[in-house]
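A.B. asks: The structure's right below; bear with me while I get my questions together.
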Amino acid sequence: QEKTLTISVYAFAQDEYKKMLYDPFEAQCGCKLVVETGNSVERLAKMEANKANPVIDMAVISMADALQASRAGLIDAIDTAKLTNFDKLYDIAKDPNGDGMSVGYTFYATSIVYRTDKMQIDSWADLLKPEYVPHVAFPNITTNQGPPALFMLGEALGQNTPDLKAAIEAVAEKKDDIVTFYVKSSQLVQLMQQEEIWAAPIGRFSWAPFTKLDLPLGWATPKEGQTGGMNVMVLTKGTKNADLALQFMDYWLSTEVQTKLAEALVDSPANSEVVVPDEVADNITYGEETASSLKLIPSAVALDNRDGWLAEWNAKVGQ
Amino acid sequence: MSDASFLLLDGLTLAYGKTTAVEGLNLSIRRGELVALLGPSGCGKTTTMRAIAGLMPVKSGRIVLDGRDITRTPANRREVGLVFQSYALFPHLTVFENVAFGLRLKGMSGKPLEDKVLAAIASVGLSPFANRKTPELSGGQQQRVALARSMVMEPKVLMLDEPLSNLDARLRLEMRTELQRVQKESGVTMIFVTHDQIEALALADRIVVMRNGAIEQIGTPEDIYNRPESAFVADFVGFENIFALKDGQLVTPGGTVPIADAPADTAALAWRPRAVALGDGPFSGVVRSSSFAGSAREYLLDTPLGPIKAEADAAHPAHDLGDTVSFGLPAATAATLRRFG
Amino acid sequence: MSDASFLLLDGLTLAYGKTTAVEGLNLSIRRGELVALLGPSGCGKTTTMRAIAGLMPVKSGRIVLDGRDITRTPANRREVGLVFQSYALFPHLTVFENVAFGLRLKGMSGKPLEDKVLAAIASVGLSPFANRKTPELSGGQQQRVALARSMVMEPKVLMLDEPLSNLDARLRLEMRTELQRVQKESGVTMIFVTHDQIEALALADRIVVMRNGAIEQIGTPEDIYNRPESAFVADFVGFENIFALKDGQLVTPGGTVPIADAPADTAALAWRPRAVALGDGPFSGVVRSSSFAGSAREYLLDTPLGPIKAEADAAHPAHDLGDTVSFGLPAATAATLRRFG
Amino acid sequence: MMQKILAPLTLALVMLFLIGPFAIIVAASFSAGDTLAFPPQGFSLKWIAKVFTVESFRQSFAMSLFLAIGGTIAALILGIPASYAMARYRLPGAETVRFMVSLPIIVPGIIVGLALLRYFVIPIGLSITLALFLAHTALILPYAVRVVSASLANLRSDMEEAAVLLGASRLGAFFSVVLPNIRGGILSAFILGFVTSFNQVPVSLFLSGPGVRTLPIDMLGYMEIVFDPSVAALSSLLAFLSIGIVFLAERFLGFSRYV
Amino acid sequence: MFQNRAEAYALALPAAIFAAIVFLIPVGLLLSEGFRSAQGWTLSAFVDFFSQPLNQKVFLRTLKLGVMVTAAAAVIGYATAYAIVSLPPGAKGRMIGLVVLPLMISPVARTYAWIVILGRTGIVNQALMLVGLTDEPVRFLFTETAVFIGLLQLFLPLMIISLISALENLPKDAVPAARILGANWFQVFWKIILPLTREGLIVGGTLVFTGSLTAYITPAILGGSKVLMLETLLYQQVTVANNFVAASVIAFLLIVMSFSANILLRRIATARNRK
Ligand SMILES: Nc1ncnc2c1ncn2[C@@H]1O[C@H](COP(=O)(O)OP(=O)(O)OP(=O)(O)O)[C@@H](O)[C@H]1O
Ligand SMILES: Nc1ncnc2c1ncn2[C@@H]1O[C@H](COP(=O)(O)OP(=O)(O)OP(=O)(O)O)[C@@H](O)[C@H]1O
Ligand SMILES: [Mg+2]
Ligand SMILES: [Mg+2]
């Protein structure tokens, strides 16, 4: 009887993960991996639904979702002593929410991808310029990029409160002009290629496919800085495969795996021992310095305001 | 078991839910007889046959076949054959397989089966078609397959529901002859339904005229054709001019009319168009329409007795529309009816 | 415009795609005439009428009505009426609305419309049904609605496609009389299609017999019935025994047979069953089937000349199956045909 | 005359509208470019080839195939007797039965999926696969009943009576006479059910779990991650497969009579 | 007609019971959630739902698009179905095949095709600019227009097929009869064809309307979050907001809408027969 480990991950780059992570791990542990994919909200909802009878053993989700899951009692503390690679992590990744329930495995910057021949982006607020806004796709509030983008927009407008009111207001004013409030960043490549859009705030992990387009595209460095996020690993409460799950997490955090994933431009490494060539470093979010310069929304702020943001967004932008 | 009541329907009452279709029907059929059920649409002909076949529950009364009460015997054990108006052939099977169907269920197989089936097919002249699927046959051929399929089971009674009504005139005549031949050769007791009086007259040994779920008259074709007992039957077999008789007088829409030699014990008198003595008699009428009918010419007369249908040989000079013509209604050429209605 | 060619079909050729249905048809119809188109299924009767009505494009030839060439006039401006075999009533409308349909399109309304429609409905005896939906009527009533709907438009020509074929025998007779009356009263020029020779004989002033999209014979009912010109027509009007004549000899399946008094200039001779002299003549045959047909008895004889159909008065004593009977084929009672085929 | 020009023109435009997107999909399948675009950038078979290398497609294809075949068979097993009862028996409440089995057409699929998830999968622990199977069976049932009923209506009931009179039992008559003659209808129902189930999205939207998802959901998921023409290639392959099957069915069974 | 009742039930009930268990019970429970609260039965969820302008807007938009798609499908459907019915049998079969064809193609793919077609550089915009109807590319994507076009393409075949069968059942010769009685083509349509094919229109209409209400893929992809419809809103409520009460309110609305459309249309259809 083979052991089975069920994991829930983001749906992108599954081919690379399979090659660099899943297959080697299966070979190593002599167990079978079952992979479920989806976006983090979806998967969280399912964990909630299956609380009494967990299906998933471990999941990777966003920092804020990890905090929510922990508050909802869906996850267990991670015994970091069992993670041999734990000490190699950047400090910010070691316990992002400060509750011992999650470990970061990658982080990313969020900025703006844009057509360098059509526009110039110096500030987040440039997105809403009348001549640019009809060519902009903005992340929906429900995505992981939504709140950070609004957060930076608020910063640019000089009115950055945790409720994001000013930023939402500003977007709402232009909502008819904005091409779409995207939910899936993969679509943006198509829209960019069709010249449907010229610019969109995205996470660095979505950047690679754009570079393959035959278009003059750039990664903006706005004066307000870049924002971003961190994805973390969590352990489902009541799972019967905790040890195996920890073994898997440790493997994922190993220098070898993290390096491979970084070189394939899949995940930016959270392991500080990873060294990559320059052309790779240019395309990911690399290095302690970069990591600590990102203006992240603290998980607690995100979580406490999330309902408010959604309500505000739905009332102003949604309709 | 007397051959005289080989099949006995005894006080048969049949109903669909609350609608009674046949009520208290009594009928006795001899072995080997060819009986026609004749009657207008909805009079219960099909219903009666379905009850005999066991496809219709009997509400009250009995059905006795060859001395055995089969009132409650399931349809598949009655030894009764029924040829449906639609033939109800199995379209997915060949002629051979259609005919073999019942025999196979009886457990027959191999050479004996084949011989018997091929003989049956040959007897209806379809040997060249044995391996055709039935939808590829013409209407008349299909009918013969249905006939062979029932006959091969050697049923005690073979019933046919309007076997000819789907055929065109020419084929109909042909199939009539065919049916008669098969029945004479096999000696099977046969009941067939028709609403065509000519067909019943031409084919049957005995005719049962039905009306509203009951029997109106039973008799030989000559009886029915020449000696109808009621106005209903007379009307059905082509007596166009029918009048009640009261105290030796005809009761007409124009009042009562005395008539010579009126027979006693008679409720009504009926004349076919050709029995009306045209050009000779005490009455007169105006020609309202006239039509050429091949060997004869038919006239519709407006008369004090109401409309009268008369016929004259086509050789006679024709009367024109609007002409006044005299005519007689001789009691000698009339059919005498026991019931008016 | 001479009344003698009120409607003129001149070299009419009609085709469905590549299939030619009617070819080079010439026909001239007088004003007020009642013409029957008679012929087997598929001979082009319906196609011809549809062309006259404008429902079918004319491939070549002309249609002239009342002096006006209407070959290319759209159907809704032809002043031609057509009663379809299916009646083609509008099932969502009442009798009144069906009849009013065409008048409303002409812009008529209010009291004049109502009067005219009600009069038309009354003329076909349907006044009590004016507000019924048409599917709730019987076949005969529906047919009368269709008639009224066409008649009320006062068409120059009224055509009827097998108007009676959906009706049962009794209703058929009634409707026949009705049609004749309407035509006589209104004097409308009428063309009707039938494949029933009896109907054509009974109704028409003139009969046009069609065959394979062309005219085979035109004549009065008496002409057609008694003096068919070809074996085709003879067969169609009930001559069951037809033989080619060659050098004064009948050509039969059993070889040539000399015949007395054979007329010259004749391609074939034809006898009706009743024209066969039964019991008296040089030939003999075996009775293969016999059937009672009311006033007469019909026999099918197996003879050296092939099968012969003969008829004897029902009063005569009947011959039994298998009896040998002698018969004659007197030239005097035969129809003389100009064409064999 | 008007019809001569207008009718073909209407047909051409409507067909363009209906078939055009399909043409785009097919064209994109053979594109050499990395995104869906029309006209396609060059010609290659790489996307067609890629379809066969994506493991999740293989898994979800197997799942969809199982659901479509299994669900359709189950729906027919339930639906044929029900249709037969409604066609041949005096059945009080026949309308209620008809209504019940046709409900799945009226109720939005997403609601069914959600309801099953919430009341069967979560509390009872019913497996996702089984829930999907039940949902797809229910979804196909109305089509099965409709098509089979139509072919039963075209089949004269006196054929069964004839079989009984020749000595067959009721059940025997059904199998020897009725079933062979509604084969065409059953096959049509099968195809219709198969296609419906295979392309079904809303019902399956909530019913997915680790390693368990239907092909359309998987395609949707894939498109959300990678926007390349491999989904177009997959759709084309599937479409040609369905078209091939339907063409054969129409050819040999007159499938469109029942739709 | 067989009369054995037990047999009939034995045959019919499994299907009915299956539908009840797999369908009626869970869906009923789901719908009931919208009416339940800690205090018992209540309509407050509905009041809450409609008190949000977004929800009102989505509700009205769904209704509007449903009606528009149905109306457009009816108009186009008639023209197409009539043209197809008048074709000779062989060509007719092929045309019906072409109409049915889109139903065989995954709606996911069909919808994505529209992204290509309707884009700024897509065929439609290229054609429009070529003809000179517009200088600037028109924005179709993520608008109601795109959703409308996508839904129409998705459901038009259903309408065409129902109308084809209705037109084929048109009483034989009714159209030529009207022609002979003097009707022009327009009059033939209004006075004869439309009233006599109303049932087909109703069947098709119900299918198209219900389909448009309950489609998920098309509004999700072609409309996105700017053109939310009830179905996409429901999905969002469940997956993002985890709000099952709102979801069941939406479910209830959707079911009520499709049922009312169905019943309303059926009413109209039978009213004619009853009269
Ligand atoms: N399935 C049925 N349900 C209810 N009543 C029926 C049914 N079949 C026949 N009837 C009624 O039973 C009566 C007799 O019908 P039956 O079919 O026996 O008439 P029929 O003499 O065969 O007529 P036809 O010449 O038209 O075939 C009719 O009044 C008919 O309306
Ligand atoms: N719609 C059609 N398409 C092609 N051929 C047709 C069509 N309608 C009729 N035909 C052909 O045209 C010929 C004449 O047909 P038509 O309907 O005029 O015959 P008919 O004399 O009215 O026959 P019936 O007595 O059967 O009504 C036939 O050979 C028939 O097969
Ligand atoms: Mg009957
Ligand atoms: Mg005809």
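Please treat every number below as a calculation from the coordinates, not as lab data. Please read all numbers here as calculations on a predicted model, not as lab measurements. Neighbour counts are summed over all protein chains in view; Cβ atoms, including those assigned to glycine, are modelled from backbone coordinates with ideal geometry.
A.B. asks: At 7 Å along the Cα-to-beta-carbon direction for both C:Gln249 and E:Ala38, put a label point, then send me their distance in nm to one decimal.
C.D. replies: 11.9 nm
A.B. asks: Karplus couplings for the range E:90-95 from phi (6.51 cos²θ - 1.76 cosθ + 1.60, θ = phi - 60°), rounded to Hz, Gly and Pro as x?
C.D. replies: Those phi angles translate into x, 4, 4, x, 5, 5 Hz.
A.B. asks: Please report, in Å, the Rg and the Dmax of chain A, where both are computed over Cα atoms only.
C.D. replies: Rg then Dmax for chain A, in Å: 19.5, 63.
A.B. asks: For peptide A:178-184, what's the mean number of Cβ atoms from other chains within 10 Å of each residue's Cβ?
C.D. replies: 6
A.B. asks: Considering only the label points, 7 Å along Cα→Cβ from Cα, what distances in nm to one decimal separate B:Asn226 from the same position in each other copy, shortest first?
C.D. replies: From this label point to the equivalent ones elsewhere in the assembly: 3.1 nm.
A.B. asks: Per residue of E:235-248, what is the mean number of Cβ atoms on other protein chains within 10 angstrom of that residue's Cβ?
C.D. replies: 5
A.B. asks: Follow-up question, since we're still on this one. Could you tell me the relative contact order of the range D:151-259? Use alpha-carbon pairs under 8 Å, at least six residues apart, and round to a whole percent.
C.D. replies: 28 percent
A.B. asks: Let me ask something else. Running Debye on the protein assembly as shown with equal point scatterers at the Cα sites and no solvent, what base-10 log of I(q)/I(0) appears at q = 0.05, 0.06 Å⁻¹?
C.D. replies: -0.58, -0.77
A.B. asks: What does the convex hull of the alpha-carbon atoms of the range C:133-196 project to on average, in nm²? Write out the running numbers ahead of the final one.
C.D. replies: On the way: hull surface 17.7 nm².
Spelled out: convex hull of the Cα atoms, projected over all directions, averaged, 4.4 nm².
A.B. asks: Another question about this same structure. Which part of the range D:1-41 falls in the paramagnetic zone of A:Glu16, meaning amide N under 14 Å from the point 7 Å along Cα-to-beta-carbon?
C.D. replies: The answer is none.
A.B. asks: Under a 10 Å cutoff between Cα atoms, tell me which one of E:Ala109, E:Ala246, E:Ala220 has the largest fluctuation in the Gaussian network model of chain E.
C.D. replies: Ranking E:Ala109, E:Ala246, E:Ala220 by mean-square fluctuation puts E:Ala109 first.
A.B. asks: Pick from D:Val212, D:Val231, D:Val14 the residue whose mean-square fluctuation is largest in a GNM of chain D, springs joining Cα atoms under 10 Å.
C.D. replies: Answer for the Gaussian network model of chain D: D:Val14.
A.B. asks: Sticking with this structure for a sec: Place +1 on the Cβ of every Lys and Arg and -1 on the Cβ of every Asp and Glu in chain C, take the dipole about the Cα centre, and give the residue among C:Met153, C:Thr189, C:Leu8 whose Cα lies farthest towards its positive end.
C.D. replies: Toward the positive end, the furthest listed residue is C:Met153.
A.B. asks: If each Cα of chain D is one equal point scatterer, what is log10 of I(q)/I(0) from the Debye formula at q = 0.17 Å⁻¹?
C.D. replies: Those come out to -1.28, one per q.
A.B. asks: What number, in percent, do you get for the relative contact order of chain A if the mean sequence gap of Cα pairs under 8 Å and at least 6 apart is divided by its residue count? Write down the numbers at each step before the final one.
C.D. replies: Details: 557 pairs, mean separation 87.0, N = 319.
Computed over chain A, the figure is 27 percent.
A.B. asks: Sticking with this one: Which residues in the range C:305-327 have a backbone N closer than 16 Å to a point placed 7 Å from the Cα of C:Val257 along the Cα-to-Cβ line?
C.D. replies: C:305-311, C:324-327
A.B. asks: Measure nothing fancy, just the Cα-based angle from helix B:110-123's long axis to the longest principal axis of chain B, in degrees from 0 to 90, nearest 10.
C.D. replies: Approximately 20 degrees, to the nearest ten.
A.B. asks: Going highest first, how would you order A:158-167, A:171-180, D:183-192 by mean Cβ packing within 10 Å?
C.D. replies: The peptides rank, most packed first, as D:183-192, A:171-180, A:158-167.
A.B. asks: Additional query: Please report, in whole Å³, the volume per residue of the convex hull around the C-alpha atoms of the range E:1-100.
C.D. replies: Per-residue hull volume (Cα only) is 226 Å³.
A.B. asks: Using the structure shown, select from A:Lys51/A:Lys260; C:Lys111/E:Lys191; A:Lys3/A:Lys82 the pairs with a Cα to Cα distance greater than 25 angstrom.
C.D. replies: Going by Cα-Cα distance, A:Lys51/A:Lys260 fall outside the 25 Å limit.
A.B. asks: Something else: Would you calculate a helix-derived [θ] at 222 nm for chain B, using -39,500 (n - 2.57) for each DSSP H run of n ≥ 4 and dividing by the full residue count, to the nearest 500?
C.D. replies: Mean residue ellipticity at 222 nm (helix-derived): -7500 deg cm²/dmol.
A.B. asks: Using alpha carbon centroids, what distance separates the range E:254-268 and the range B:111-165, in Å?
C.D. replies: 53 Å
A.B. asks: Follow-up question, since we're still on this one. Mind checking which helices in chain D clear 30 Å along their axis (Cα) and have mean Kyte-Doolittle hydropathy of -0.5 or more, DSSP H runs only? List each step's numbers first, then the result.
C.D. replies: On the way: long enough: D:2-29 (40 Å, 1.97); D:55-88 (49 Å, 1.00); D:128-153 (37 Å, 1.71); D:230-253 (34 Å, 1.84).
Helices meeting the span and hydropathy rule in chain D are D:2-29, D:55-88, D:128-153, D:230-253.
A.B. asks: Describe numerically, in nm with one decimal, the distance between label points set 7 Å from Cα along Cα→Cβ at A:Lys51 and at B:Glu222.
C.D. replies: Placing both labels 7 Å beyond Cα along the Cβ direction yields 10.1 nm.
A.B. asks: Right, another one. If a paramagnetic tag sat 7 Å from the Cα of C:Ala315 along the Cα-Cβ line, which residues of the range B:294-314 would have the backbone N under 17 Å from that point?
C.D. replies: Under cut-off, by backbone N: B:311-314.
A.B. asks: For the rotation taking C to B, I'd like to know which residue in chain C has the C-beta closest to the axis, plus that distance in Å.
C.D. replies: In residue-and-Å form, the answer is C:Ser295, 5.
A.B. asks: Starting from the amide H of A:Ile75, placed 1.01 Å from N in the peptide plane, find each other amide H under 5 Å away whose residue is 5 or more places distant or on another chain.
C.D. replies: A:Lys237
A.B. asks: Compute the Kirkwood hydrodynamic radius of the range E:55-274, taking the inverse of the mean of 1/r over all pairs of distinct Cα atoms, and give it in Å to one decimal.
C.D. replies: Computed over the range E:55-274, the radius equals 19.2 Å.
A.B. asks: If the label for C:Ala332 sits 7 angstrom from Cα along the Cα-to-Cβ line, what are its distances to the same label in every other copy, in nm to one decimal, shortest first?
C.D. replies: 2.8
A.B. asks: For the range B:233-337, what's the radius of gyration and Dmax over Cα atoms, in angstrom?
C.D. replies: Final numbers for Rg and Dmax: 13.3, 39 Å.
A.B. asks: Under 8 Å for C-alpha pairs, at least 6 residues apart: give me the relative contact order for the range C:233-337, rounded to a whole percent.
C.D. replies: Relative contact order comes out at 31 percent.
A.B. asks: Right, next: Using Cα springs under 10 Å in a Gaussian network model of chain C, which residue among C:Thr266, C:Thr19, C:Thr252 shows the largest mean-square fluctuation?
C.D. replies: Judging by the Gaussian network model, the answer is C:Thr19.
A.B. asks: Another question, if that's okay. Could you tell me what % of all Cα pairs in the range D:1-116 have separations over 22 Å?
C.D. replies: Result for the distance tail: 67 percent.
A.B. asks: Just how far, in whole angstrom, is the range D:151-170 from the range B:316-341 if you go by their alpha carbon centroids?
C.D. replies: The two parts, judged by their Cα centres, are 51 Å apart.
A.B. asks: Check each of the chymotrypsin sites (Phe, Trp or Tyr not before Pro) in the range B:216-293 and keep only those in coil by DSSP with at most 14 other C-beta atoms within 10 angstrom; list them in order. Spell out each step's value before the answer.
C.D. replies: Details: sites: B:Tyr225, B:Phe232, B:Phe236, B:Phe239, B:Phe243, B:Trp271, B:Phe283, B:Phe292; in loops: B:Phe239.
Filter output for the range B:216-293: empty list.
A.B. asks: Still on this structure: Just the ratio, please: alpha-carbon radius of gyration of the range D:157-259 over 2.2 N^0.38 Å, N its number of residues.
C.D. replies: Compactness ratio reported: 1.59.
A.B. asks: Okay, moving on. Where both partners of a DSSP beta bridge lie in chain C, what percent of those bridges are antiparallel, to the nearest 5? Display every interim value, and only then the final one.
C.D. replies: On the way: 55 of 74 bridges.
If we restrict to bridges inside chain C, about 75 percent are antiparallel.
A.B. asks: Please compute the alpha carbon radius of gyration of the range C:1-105, then divide it by the globular-protein estimate 2.2 N^0.38 Å. Two decimals is fine.
C.D. replies: Normalised Rg, Cα atoms only: 1.17.
A.B. asks: Among the aspartates and glutamates, which have Cα under 18 Å from the Cα of A:Lys118 when same-chain residues fewer than 8 positions away are ignored?
C.D. replies: Result set, ordered by chain and number: A:Asp126, A:Glu131, A:Asp177, A:Glu195, A:Glu196, A:Asp214, E:Glu136.
A.B. asks: Ordered by residue, what ³J(HN,Hα) values in Hz, to whole numbers, does the range B:41-57 give under the Karplus form 6.51 cos²θ - 1.76 cosθ + 1.60, where θ = phi - 60° and Gly and Pro are x?
C.D. replies: For the range B:41-57, the Karplus curve yields 4, x, 7, x, 5, 4, 4, 4, 5, 5, 5, 4, 6, x, 8, 9, x Hz.
A.B. asks: Can you pull the three principal axis extents for the Cα set of the range B:86-209, in Å, largest first?
C.D. replies: Over the range B:86-209, Cα extents along the principal axes are 44, 29, 20 Å.
A.B. asks: Mind giving me the nanometre distance, one decimal, between the label points for E:Trp185 and D:Ala62, set 7 Å out from Cα along Cα→Cβ?
C.D. replies: Label at E:Trp185, label at D:Ala62, 5.7 nm between them.
A.B. asks: For the range B:3-229, which semi-axes, largest first and in whole Å, follow from the square roots of 5 times the eigenvalues of its Cα gyration tensor? Intermediate values should be presented prior to the final figure.
C.D. replies: On the way: eigenvalues 165, 86, 50 Å².
Over the Cα atoms of the range B:3-229, the semi-axes work out to 29, 21, 16 Å.
A.B. asks: Give the distance, in whole Å, between the Cα centre of the range E:101-165 and the Cα centre of the range C:1-71.
C.D. replies: Here the two parts' Cα centres lie 50 Å apart.
A.B. asks: Taking each pair of different alpha-carbon atoms in the range E:65-182 once, compute 1/r for the pair, average those values, and report the inverse of that mean as the Kirkwood hydrodynamic radius in Å to one decimal.
C.D. replies: Taking the inverse mean of 1/r over all distinct Cα pairs, the range E:65-182 comes out at 16.5 Å.
A.B. asks: In the protein assembly as shown, what % of DSSP beta bridges are antiparallel (nearest 5)?
C.D. replies: 70 percent
A.B. asks: What is the calculated FRET efficiency for A:Ala311 to C:Lys184, with r their C-beta to C-beta distance and R₀ = 60 Å, to the nearest 0.05?
C.D. replies: Efficiency for this residue pair is about 0.10.
A.B. asks: Each residue of the range A:141-154 in order: what ³J(HN,Hα) in whole Hz does its phi give by Karplus 6.51 cos²θ - 1.76 cosθ + 1.60, θ = phi - 60°, with x for Gly and Pro?
C.D. replies: 4, 7, 8, 6, 7, x, x, x, 4, 5, 4, 5, 5, x
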